[in-house]
Amino acid sequence: MEDTAQTELAKPATAEAKPEPAPAINVSGAKPEIAPDREGDQLNVTLGEFEGPLDLLLYLIRQEQVNIYDIPIARITDEYLRYLNLMQELDLTVAGDFLVMAAQLIELKSRMLLPRDPLAEVEEELDPRADLVNRLLEHEKFKAASQMLWSRATVEQAVFTRAEIETDTNNPEVTVGLFDLLRSFQEILARHKEEVMLEIEREEVTMAEMIERLRNMVRSAGELNLVTFFERAGSRRGLVVAFLSVLELVRLSEISLVQRETFGEIIARSASPV
Amino acid sequence: MSKAAKAAEVDETFEPDGEIEGEREISRAELKGIAEALIFVADEPISAKSIADVLKVEREAVETAIGELAKEYERRNGGLQMREIAGGWQIATRPEYHEQIRAYLKSRPSAKLSLASLETLAVIAYKQPVTVPEILEIRGVQSPSAIKTLLDKRLIVAKGRKETVGRPMMYGTSKEFLIQFGLKDLSELPSIEDFQDLAGGEA
Amino acid sequence: MSKAAKAAEVDETFEPDGEIEGEREISRAELKGIAEALIFVADEPISAKSIADVLKVEREAVETAIGELAKEYERRNGGLQMREIAGGWQIATRPEYHEQIRAYLKSRPSAKLSLASLETLAVIAYKQPVTVPEILEIRGVQSPSAIKTLLDKRLIVAKGRKETVGRPMMYGTSKEFLIQFGLKDLSELPSIEDFQDLAGGEA
């Protein structure tokens, strides 16, 4: 913000220097190769990825101990590109957002090389880095805000409300938001698709149909070799249904089963006329 | 408890200026009892206004009654608290007993939000209503899965479309957000500028 | 309240004969608070024994604490009672206030819908104007009561008859629907594409 910031920031960024409320959340991780562990540095050197290019930039700025209001763009850009190369060497996917930032940095670097307009009165307004600095500061603010939300949520997790009482369960309701509508609609569509698929599968004979078929076959032929009947059943599921139909008609005493010899074929006969 | 107890003894009826529609007047002690019962049965924080509407009494009378109730709970220092949250009142356990409650419910703290989701939520909370491209601008990363998580958890809701190119959907925080983060309303959030020093100073 | 208050002041620890497994002893006042919190969060009446088991304290101590709590509730004469039921303890509203509670439960905000109503509303919102047979076709389930609910809540309105066999009534969403869902107009409804953008996951 103010000019004093510069002197303050020139101090080495050791963790002991000031109380840091949110060590874990500021920078999520770094590469050991470009982030040699420094004594007292609270940044854990892990093979983690940065949440995004702004995180990486903030990390590098801190790493290089430079003033955020006066970023040496050339140096930081080089570091940034080195990091991207490293990620690629390690076969980590470099998200598009990182590449967009790389392009912006390179562009910024070249603009910084252009001679300044001597007619410009207020230098700050022309500083090509201003946008980037504002974005970085804004980003930091929201990282701090998310830390605050995190602590709030932690406190809230220790508070419980009463269990559902009867009036609630008697009246199962949901509070509805706009996306619930859409989700609901999509679920219906998905269900629809499933049903169509089920119907295709369900060409098979139902139990009732199978019983009717068995009845007719026994009635028309007087007796029926069960092997013949089972062979006609088709699929595995059909076979089960066929078997169950035989049991059902036996149970209803509509047919009886006879076997003329041990291990011989089983014959179904109409039971009633006998 | 003394004041509350006294109120119960005296049992004076309050006089709303001629707005009562019910068959009989509700005494102050009764009003407190009813308010407590309603706050207890409501499945989400209930406002003084809702209670006043149901009972057909003045909102001020309900507010006074709830204020006394809250103080009573405070003074009693029992296992429960009466607190204002998400624009309404709620009875909840005191945080100090969370360990024993968890042991009984055999519950674990629910999964915390990921860093990406929390950051996205922070941006939405402070910038609402805000579109996906605007969130991208601040976070520097795409956050589709974070937004989906937040929608699934009902922490954010759609807030119409922005009248700009592509008419992107705008998002804002929900009542559930207030509840889960223990906020009376959005104004209770510390100002984003308060985080400024931190941002500038840390670099 | 006097006895309870005294207990809280003195805050003497009780001494279960050597059964404590926790790191520290629980004071009498704390025990009361915890018991109250547990009775409050439990979804069914909870016995002194269950509480004693969770806290690893003697059942007698819990029974004493609950006894005091119940007396406190009695003396307070507020909106709630602590009662023994089905072999356990429960916090419930006092029967005298049931009339008002019923009135409140009936008056609850209408933004709440059953799942069937929600689905029906979704179909109507996205397919309007749409007839009952068409809704049946899409949902795969009859929804007569859902339609009635939606009409009652004024979320949908009749939109004339369809010129087809039987001239069935067509339905569409109402102005109230827009208000309740915070929409300027129907074009603000999230589209399947909005959702897929999010569901598409990491960009």
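Looking across C:188, C:202, C:193, C:176, one residue alone is surrounded by 18 or more Cβ atoms within 10 Å (Cβ to Cβ), of a type in the set (D, E, K, R) and either modelled with pLDDT of 80 or more or under 30 Å from residue A:96 (Cα atoms) (or both). It is C:188. Can you find a residue in region A:66-73 that is in contact (Cβ under 8 Å) with a residue 60 or more places away in the chain, of a type outside the set (Ser, Thr, Tyr) and either under 19 Å from residue B:139 (Cα atoms) or exposed (fewer than 14 other Cβ atoms within 10 Å of the Cβ) (or both)? So far as region A:66-73 goes, yes, one or more of its residues are in contact (Cβ under 8 Å) with a residue 60 or more places away in the chain, of a type outside the set (Ser, Thr, Tyr) and either under 19 Å from residue B:139 (Cα atoms) or exposed (fewer than 14 other Cβ atoms within 10 Å of the Cβ) (or both).
Of the residues making up region B:113-153, those that are facing chain A (nearest Cβ under 7 Å) and not aliphatic (A, V, I, L, M) number 5. Here residue A:175 does not fit the description of being loosely packed, with under 12 Cβ neighbours inside 10 Å, within 14 Å of chain B (Cβ to nearest Cβ) and either more than 30 Å from residue A:76 (Cβ to Cβ) or modelled with pLDDT under 65 (or both). When residues in region C:54-76 are screened for being among the charged types (D, E, K, R) and either within 9 Å of chain B (Cβ to nearest Cβ) or in contact with a strand residue (DSSP E or B) (Cβ under 8 Å, 6 or more places away or on another chain) (or both), 4 of them pass. Checked against the criterion of being at pLDDT below 90 and touching an Asp or Glu at 6+ places or on another chain (Cβ under 8 Å), region B:117-135 has no qualifying residue. Under the condition of being buried (at least 17 other Cβ atoms within 10 Å of the Cβ) and within 30 Å of residue C:55 (Cβ to Cβ), the residues counted in region B:104-146 number 1.
Right, residue B:84: more than 9 Å from chain C (Cβ to nearest Cβ), in a helix (DSSP H, G or I) and either closer than 30 Å to residue C:78 by Cβ or charged (D, E, K, R) (or both) or not? Criteria not met by residue B:84. Checking each residue in region A:91-110 for being more than 14 Å from chain B (Cβ to nearest Cβ) and modelled with pLDDT under 85 picks out A:91, A:92. Condition check for residue C:158 on (1) within 14 Å of another protein chain (Cβ to nearest Cβ); (2) loosely packed, with under 14 Cβ neighbours inside 10 Å; (3) closer than 28 Å to residue C:188 by Cβ: one failure, at (1).
Of everything in region B:92-112, what is of a type in the set (A, V, I, L, M) and at the interface with chain A (Cβ under 7 Å from one of its Cβ atoms)? Give them in sequence order. Of everything in region B:92-112, those that are of a type in the set (A, V, I, L, M) and at the interface with chain A (Cβ under 7 Å from one of its Cβ atoms) turn out to be B:92, B:101. Assessment of region B:51-68 against the conditions (under 27 Å from residue A:149 (Cβ atoms), without any contact (Cβ under 8 Å) to a residue 12 or more places away in the chain and part of a helix (DSSP H, G or I)) yields no matching residue.
The values are calculated or read from the model by the stated rules, or taken from the named source; none is laboratory data. What you are looking at is a predicted structure, and each value in this text was computed from that prediction instead of being measured. Ideal geometry is used to build each Cβ from the backbone, glycine not excepted, and the neighbour counts take in all protein chains shown.
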